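Quick notes on the structure that follows.
Throughout, read-outs are computed from the coordinates displayed, never taken from laboratory work. All figures in this text were calculated on a predicted structure; none of them were measured in a lab. Positions of Cβ are backbone-derived with ideal geometry, glycine not excepted, and every protein chain shown enters the neighbour counts.
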Amino acid sequence: MNRFILPLAAFAALIALLGVGLTLNPREVPSPLIGKPAPHFELPQLHEGAKTFTEKDMLGKVWVLNVWASWCVSCREEHPVLLDLAASGAVPLYGLNYKDKREDGLAWLKGMGDPYRLSIYDFDGKVGIDYGVYGVPETYVIDKLGVIRYKRIGPLTREIVKDKVLPLVQELGRA
Amino acid sequence: MLRDVLKEEGHSFSRLVALLLLSSALAPGVPAKEAAPAAADPALEQRVMTLSAELRCLVCQNQTLADSNAPLAEDLRNQVREKMRQGASDSEIVDYMVARYGDFVLYRPPFKLTTVLLWFGPLLLLAAGFVVLLRRVLRRRRAQDPEMTASERKRAAELLAGNEAERR
């Protein structure tokens, strides 16, 4: 009887380990950007291509940057959540239109509603690379000093907004 | 979870076939080239591919940047090429990638406190296996060589003698 206990325990430990592994999402790669200054960009705006926008314009404010594209299916799923977040006025929401055609991006906002104060236009995805974007949509919460405090890979849900984004925005707003 | 994987498409195979057909039709004997921007400098291209083979494609995860056809992988290869043209060393480019995507982009994880188990785990398991094996072998050897008491020896000798007497 005794001789079975050790292998059985080892087997149970292995099963437990693999079981925990199954609950993890391998696509959620921890971002090294958390706690680091938001990478610098200066990009044309989506609506008015002659005007530019840079992350420096937002120093002193807590804000949310959402990476989106008209070709991105999950963005469609996320869109109502963003509209609600924008309507609540809790935090300024800016968009980064990633590797999109300008007319497609504009048509998307026209058809589905525009939750963003403004969107910037990253045609070749260079700024996306600087922000470590690899799956759209992605969302960043940036604090008053321009430091990235939170990153969400994949669509925002109402739960995430309520439990993570809004409390963090409030906390950062007090600081 | 439903997530867009940067337009990752399953067409890479049909694309490859089309490319092969095209290249064999247009230029017989010339090997098919990748659709990525062709570099005039083959040595540079070699360097790009060698380094890309060390980096993970974030979209496909189990492919290297060199293997992947995902648009992001293409962009990142172009980024690597551009940096090399500007004279960046391989380790500078690796640092550039790690700063954006974390250690996960490296196919050879760095040796850190958090990765000690990753590096030595298999060795530990091997050592544990040897310990178990050694203990079993020693136990078996002991069982095959039992101690005999004096009376047992005497009885064995009698039996052997009896056998010999019978045979005679």
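Taking other C-beta atoms within 10 Å as the exposure proxy, A:22, A:43, A:59, A:8 rank A:22, A:8, A:59, A:43 from fewest upward.
Return the single residue from A:107, A:50, A:69 with maximal mean-square fluctuation; model: Gaussian network over chain A, springs between Cα atoms under 10 Å. The residue that fluctuates most here is A:50.
Could you please rank A:123, A:53, placing first whichever residue has the fewest other Cβ atoms within 10 Å of its Cβ? Provide the component values of the computation, followed by the final result.
Details: A:123 15, A:53 21.
Fewest-to-most ranking of A:123, A:53: A:123, A:53.
For a 25 Å ceiling on Cα separation, which of these pairs sit above it: A:51/A:144; A:56/A:110; B:83/B:112; A:99/B:83? Violating the 25 Å limit, Cα to Cα: A:56/A:110; B:83/B:112.
In deg cm²/dmol, rounded to 500, what helix-only [θ] at 222 nm does the protein assembly as shown give when every DSSP H run of at least 4 residues adds -39500 (n - 2.57) and the total is split over its residues? Mind dumping the intermediate values first?
Values: 11 runs with 163 residues, N = 343.
Value at 222 nm, helices only: -15500 deg cm²/dmol.
Residues with beta-carbon under 12 Å from that of residue A:140, excluding residue A:140: net charge, scoring Lys, Arg +1 and Asp, Glu -1? With Lys, Arg at +1 and Asp, Glu at -1, the net is 0.
Beta bridges assigned by DSSP with both partners in the protein assembly as shown are antiparallel in approximately 65 percent of cases. Positive contributions from Lys and Arg (+1) and negative ones from Asp and Glu (-1), summed over other residues with Cβ under 15 Å from the Cβ of residue A:158, come out at -2. Largest GNM mean-square fluctuation among A:38, A:87, A:12, using chain A with Cα springs under 10 Å: A:12. Evaluated with a Cβ-only charge set (Lys, Arg +1; Asp, Glu -1), the protein assembly as shown carries a dipole of roughly 1580 debye about its Cα centre, given to the nearest 20. For region B:69-74, putting each phi into the Karplus relation 6.51 cos²θ - 1.76 cosθ + 1.60 with θ = phi - 60° gives couplings of 9, 4, x, 5, 4, 4 Hz, in residue order, rounded to whole numbers and with x for Gly and Pro.
Computed over chain A with a Gaussian network model linking Cα atoms closer than 10 Å, the most mobile of A:66, A:25, A:97 is A:25. Each label was represented as a point 7 Å from its Cα along the Cα-to-Cβ direction; for residue A:158 and residue A:101 these points are 3.5 nm apart.
In the protein assembly as shown, taking the dipole from charged Cβ atoms about the Cα centre, the farthest positive-side position among A:72, B:66, B:118 is held by B:118. With Cβ to Cβ distances under 13 Å as the rule, what net charge do the other residues near residue A:37 carry (K, R +1; D, E -1)? Net local charge, residue A:37 excluded: +1. By the count of neighbouring beta-carbon atoms within 10 Å, fewest first, A:40, A:79 end up ordered A:40, A:79. Counting only residues at least eight positions apart within a chain, or on another chain, the aspartates and glutamates with an alpha carbon under 18 Å from that of residue A:164 are A:28, A:78, A:84, A:138, A:143. Between A:39, A:16, B:148, the Cα set farthest toward the positive side of the dipole of the protein assembly as shown (charges on each charged residue's Cβ, about the Cα centre) is that of B:148.
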